[in-house]
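Heads up: the structure comes next, in structure tokens.
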Amino acid sequence: MTKILNLALASCLTVLLATPLSGEVFAQDIDAEITENESEAALAPDTEAKSDSSAAEDEAELAEEELWYTLEKIRGNIDVGDFVVGPGRTEIELAPGETIVQEISVTNRISSGRAFELVVEDITGSRDGSSAVSLMGDERGPYSIRDYISFPEDTFELDLGERARVPVTITVPPDAEPGGYYGSVLVSTVRVGEDDGSNVPRSPIIARVGSLFFLTVKGDTVTEGKTVSIDTINGQGWYDAGPIELGILYENNGSVHVNPYGELSVTNMFGEEVGYIEIEPWFVLPNSLRVREITWDREFLLGRYTVTAKINRGYEDVVDEVSVSFWVLPWKIVGGAFLVLFIIIFSIRAFFRTFEFRRKGE
């Protein structure tokens, strides 16, 4: 019996001693598990942030890679209400089979959320000198460049204050005929965004602005032109005051465009030079006439004047000389002078009549 009690007591002591030790180890395990979970929870936001940052960078890089044009930000006054296209004109000379890439820039100064569209139209000159170029619309011009110009895409979007540098590829086929090819890259814009729900009709087209492209294909080309005349606008021969509007008429009969330039001098009735204007180069398309308008302005003009223009044809250093004369008679000054002269003559005649009458009376 005593042995049985001793064994029971020993078993109880063993259970009591074993329970605290087992619980402490479990607690440490629980604490360790909690600490590890807390550590993972603490690291999770950083990992997610890094993941989001990397994703944003990847998206930015992907967006940049997807842009087929170069995007820039402009400074200064950007809320002007228009958009700017440049350059105004690009002249290229290529051999058959050659390709070149040029850039045009489109700057958005209207508002954010603008979609721009690119279209190529042929151009031609005029036979009456009324305009420098005429757009052909859907028609093909006599020197069509439409098939030689291409873009990666024909639409793009810009926000306010952004500038796109658009690559324009000009490719000349191997069998292209030598000569000039002319056209314009027209840029138009529309607003992009959701419909505001109104039923008010709106025209999304703001304007069309063009950048001219003059392509000369090397080979056996014909360059031929001359200065036809210089005249006052509307053929006016008498003025009462300045400014004097003049027009120089140039004719191009060749197969390529030319860029004439020169100088203009004005002499008075005594042969003295009283005016000089340097004429910057201007273009004249093949098989066309163009009038270059020039304004000569001077405060006081009186008498007969002769304008002489010396125009370099734009090739082979050939110079044409043309001239025109006109009168400037200010009616107020001329009228006043005649009135004074009339008064003087009348006074002299009256004086002599009175003097003669007195002598007879004596």
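What follows draws every value from the coordinates through simple rules; no lab data is involved. In this text the structure is predicted, and so the values were computed from the model without any measurement. Glycine also receives a Cβ, built like all others from the backbone with ideal geometry; neighbour counts cover every protein chain displayed.
Worth a mention:
- Residues within the reach of a label modelled at R165 (point 7 angstrom out along Cα to beta-carbon, backbone nitrogen below 15 Å), restricted to segment 74-99, are 74-75, 86-87.
- Peptide packing for 311-318, 72-79, 116-123, 181-188 was compared via the average number of neighbouring C-beta atoms within 10 Å per residue; ordered from the highest value, the list is 181-188, 116-123, 311-318, 72-79.
- Isotropic mean projected area of the C-alpha convex hull, segment 93-245 (nm²): 14.7
- In order along segment 221-227, the Karplus-derived 3J(HN,Hα) couplings, from 6.51 cos²θ - 1.76 cosθ + 1.60 at θ = phi - 60°, round to 9, 10, 10, 8, x, 7, 7 Hz, and Gly and Pro are given as x.
- Cβ-Cβ FRET estimate between E177 and K226, R0 fixed at 25 Å, reported to 0.05: 0.55
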